[in-house]
Each structure stands twice: as structure tokens, then as C-alpha cells.
1. So how much slack lies between B:ASP261 and B:SER72, counting 0.36 nm per residue of separation and subtracting their Cα-Cα distance, in nm?
2. Taking the alpha-carbon centroid of each part, what is the distance from region B:1-20 to region B:185-212 in angstrom?
3. If you line up the long axis of helix B:17-34 against the longest principal axis of chain B, both from Cα atoms, how many degrees apart are they, to the nearest 10?
4. Taking the Cα centre of chain B as the origin and placing charges on Cβ (Lys, Arg +1; Asp, Glu -1), which of B:PRO111, B:ALA179, B:GLY165 is farthest toward the positive end of the dipole?
5. Just add up the charged neighbours of A:GLY108: K/R +1, D/E -1, any other residue whose Cβ is under 15 Å from the Cβ of A:GLY108.
6. Explain nothing, just the number: relative contact order of region B:138-294, from Cα pairs under 8 Å at least 6 residues apart, as a whole percent.
7. Longest span of chain B, sites excluded, free of trypsin sites (Lys or Arg not before Pro) in DSSP loop with at most 15 other C-beta atoms within 10 Å?
8. Among B:ASP104, B:ASP132, B:ASP166, determine the one that fluctuates most according to a GNM of chain B built with springs between C-alpha atoms less than 10 Å apart.
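Every number here is computed from the coordinates shown, using simple stated rules; none is lab data. Owing to the predicted nature of the structure, the values given are computational and were not obtained by experimental measurement. Quick reminder, even Gly has a Cβ in these numbers, built from the backbone with ideal geometry, and neighbours come from all protein chains shown.
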Amino acid sequence: MDSKVLINEEQFELILDRLAHQLLEHHDFSNTDLIGLQPRGIRVARRLQVKLSELLEGKEIRCGELDATFHRDDLMMRDKPITPQANKMDFLVNNRNVILVDDVFFTGRTIRAGLDALLAYGRPKKVELAVLIDRRFSRELPIEPTYIGKQIDSIGEQHVIVEWKEDGGSDRVLLFNSKPE
Amino acid sequence: MSELSIKHLLGIRDMTRDDLELIFKTTSEFKEVLNRPIKKVPSLRDLTVANLFFENSTRTRLSFELAQKRLSADIVNFSASSSSVKKGETLVDTVNNILAMKVDMVVMRHPHPGAPHFLSKKVKTTIINAGDGTHEHPTQAILDTFSLREKLGDDLEGKRIAIVGDIRHSRVAISNILALQLLGATVRVCGPATLIPKHMSDLGVEVSHDLDETLIWADAVNMLRIQLERQGGPNSIAFFPSIREYTIGFGLTQQRLDKLDKQLAILHPGPINRGVEISSEIADGEHSVILDQVENGVASRMAVMYLLARQ
């Protein structure tokens, strides 16, 4: 399968470091929570949580895992049902600043569903969006990320896959010309 | 796997182990939804469900209705006692009339075994069996096995489950036996000989008439309700001499449990006859899973409808 490395391991680490510092420019994390979107956004959120905690000298940062499956707008149109992932939200977000985190930002529909799902846990003061990869020029809804790891140009049929050390490989981002097996 | 191998939920007999595992996984996620401050998700907001109850039911109907509301589906309710069924309309006509009003899914309870199977061949819609006579009650078996997994661990392989009481009149028993066997558990039925059908062992289950010995054998016990309304009329021969005698032989009491050197998970599909098949102190005790079953009932019915709803 033809693929191209968009981000290698070294760049990957730099991007996450930069994202963490950008978040710190705007938040002291006394009233801010990270929430990763299932399934892959939680990886980004957990890494940012560790980095931020180090930068803030061990401060504890809350990080939730949110699954937006039940709030998607295409559930009944699909041939097969989507298997839901686990929600791990052990706190409420009333009056908190929330940073939603995902790996690849594409049409904006997952984030729309995520915003909807988030409201079941209270009314946040402010919601921002941090993404590792922004596939720009492919929006279907008027939603834009607040913090961006890297912007890339791609067309609809292409697939962007983020690989993680935790899964046995190395940290990198690949672009495929069609959906990989 | 993200798809069920079935198009309708008619009985556990048509299902595979993978189907059950997928439903369990989805049920866990819906259970989390039910414990959120806002317990409603919009997943089935473009679906209309008809609940057709040709036989009385309180908890199953409530549980289905709540599950549908939590999924944002639109619902219409129908009960045979207040309908044209009394005027002689056939089942297929009744259902086709309701479907003509653009209903996408039918949840049906019917006194005749096989009624939902028959209907699934005659009409074009998704059918969920909420109990057909003394045949099957698949969602009850799903919630029972889900509750057992919460208590005994995710793998029921080799676990020993006893189903005690009125097996003869119980759709819960048959669906539970099939579901437990799919999951690899060993099943034993226990009750007076008159309440156990003749060829029970053909299903691959053990048969016992000794509750005390069965309790020693089992890891969990499902106490079925004595269906007093099905024990025959005043002139027929009863299945057991008296309720008191039934309780002495097959009622679960604290004295019986005190004789064991282990803890049993105790299930009951409800409604409970307190003091008959189970004593109050056990029904309300710490090893009783009865109220977990009710909570899991809503979550598992949400999962079933979520997985079967397609346009």
C-alpha cells in the first residue's frame, strides 16, 4: 500500500511539545480539563496530560475520554451499526474550560457529535479544540480547531493514520492514497 | 465485529456467541449513558417503534419504553385489551395497519409461541420478541447473562448456573438455557418433577429435584417465579399440593444459604412472590442481583434496538 510519512518520530515529539506550550499560554489548568475523543483522540489527550503535568511541576490535570458514537448524525444511514467505545468521564464540566482533543480533524462532524455528547456532562464555560493533524479545505461544518499540530492538504479519498508507540510501532503520521486494510 | 448476524430478535436460538458479545459490549456503554446527569442520547431520533403487547406486562413494557425514550425514538403503545383484536382482527392485519402509519420497528409480546417468528415472515419491519407464550424471552436472557457476567466475571465458560422453579411455564428458562450454553456455561434446572418438562435433558442441561444439593453445585442461581396464574383452574390437578409445600422443597431461604460455605449470585426475573420461591431477606440481601437486573434490562434493550435499527 502506497503511503507517505507526513510526520516522523522526531517531529511528532516537537509538535506535541509545542501544543502543550500553546495550551499553557492560555490556560493555567486550575479550571481547565482535557477531554480526548474516542477512539484515537484519547492518545493525544493522555500524552498532552503527561507533558502539561511535567511543565506545571506535577500538577494534576483532569483528562476525560468521551465517545460521541451515540450522537453521530449518520448512525441510521450506515450499513452497519458503529460499535461504541468506552466513556470515561468521572467529572462534570459545569463552568470549566474544556479542551477537546482529537488526532485528525477532517469534516468537523465528529467534533459536532462530541460537542453534543459533552453537554451531557454539564455546561462548560468555554470549549476549545486541539488537534494533531488538520486536514484543511475539507470542512462540512463551520467548526475550526483552536490549536493545530500540523496542517496538511489532502483529498477526500486519502486516509491519514496516526501510529503510536503504545501500539508497538513508533510515533508517526502516514498518508495513504486509499483506505488501508 | 460490529454487526449482528440477525435481522430480528426472535429468540436466542437464532443467535451466535459473537452476537451476544457485541450486545454485551454495547450494553456496557449504554449503562454508562444511564448513569450520566443527562441520560438521553439522540441515536434513534429518526426511528418510530410500536410496542405491541397482546399479553399483560409491566416491567418488560416499562423497560422497553424507557430504553426507547433514552434513545430518543418515537413510540406508540398498543395493548390487546383496548384494541380491535377483540373485534376479530388478525395479527397480520393489526400489524400491517400500524406499519402503514410508517413504523420502523415492532416490539411484541404475544401469548402464542412463535407469533413473532410468523410475523417476521409476513411483514417488512424489524421485530423484537418481548416474550411469546412459554417459548422464548430473549431480552430477559440477555440482561440475565449480562448481570451474571458483572457478578461472576466476563467469561462464563465452565461456570455453573442453576435455574430453579417453574421450568414448564417459563420462557425465561428456555432463553436463559440457550444463552448460557452459547457462552459456555453449564446449566442445571431444578424443581418439582411436575414443573420440569419431560425431555429437558435433550437440551443438554442437568435435571435435579434437590435444591440443597443444587445450591452446593452452583456458582449462581436464577430463581424463577411460580406462575400462580398458570397452575390450572379450580377443577384441574395442581402441579404441587400447596404453596407451603413448594416453599419447603424449593424456596430459597437464609437457612439454606447458611449451610453453604460460599457466596452465590442470586437472580430473579421478577415479579417476586416473596416468601414463596425466595425469602425477603435474600431478595433484599447483598448477594441479590435483582435490582441490577432491572437496570441492566434498560441498558441491554437499548443495545438491542441500537444494533438492529437500520434504514
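1. 63.3 nm
2. 26 Å
3. Approximately 80 degrees, to the nearest 10.
4. Toward the positive end, the furthest listed residue is B:PRO111.
5. So the surrounding residues net to -3.
6. 25 percent
7. The longest such stretch corresponds to B:125-197.
8. Per the Cα network of chain B with a 10 Å cutoff, B:ASP104 tops the list.
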